[in-house]
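The values are calculated or read from the model by the stated rules, or taken from the named source; none is laboratory data. From a predicted model like this one, the values you see are computed outputs, not experimental measurements. When we count neighbours, we look across all protein chains shown, and the Cβ atoms used for this are built from the backbone with ideal geometry, even at glycine.
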């Protein structure tokens, strides 16, 4: 399966820097296990992360932004549950 991550961010709110940072973190961690990490501009405060079309995180429902560790764990749990994320797996 070709795994695809989509980060939709509010361009009006200037969430692009957070979106690009998270995309970079995801690419550094999963590299060739992903076919794509897409950044999609949106409006009205949106910040969502999808993996293969399935919602992983929604800023509006969570009331906050995701952190890098959290996203890496959510992605790992779905594409390679046995993978050790090193420091991202430690409390």
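Here are the numbers for the structure shown:
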item	result
Residue match in the range 1-8 (condition: without any contact (Cβ under 8 Å) to a residue 40 or more places away in the chain and not in a loop (DSSP other than H, G, I, E, B))	no
Options 2, 36: the member that is in contact with a strand residue (DSSP E or B) (Cβ under 9 Å, 6 or more places away or on another chain) and at pLDDT below 95	2
Counted residues, the range 37-63 - those being within 20 Å of residue 73 (Cβ to Cβ) and surrounded by 10 or more Cβ atoms within 10 Å (Cβ to Cβ)	13
Test: residue in the range 32-49 that is in a helix (DSSP H, G or I) and without any contact (Cβ under 8 Å) to a residue 24 or more places away in the chain	yes
Test: residue 73 is surrounded by 11 or more Cβ atoms within 10 Å (Cβ to Cβ), in contact with a helix residue (DSSP H, G or I) (Cβ under 9 Å, 6 or more places away or on another chain) and outside any loop (DSSP other than H, G, I, E, B)	yes
Subset of the range 4-33 (residues that are more than 12 Å from the chain's Cα centre (by Cα) and surrounded by 11 or more Cβ atoms within 10 Å (Cβ to Cβ))	10, 11, 12, 13, 15, 16, 33
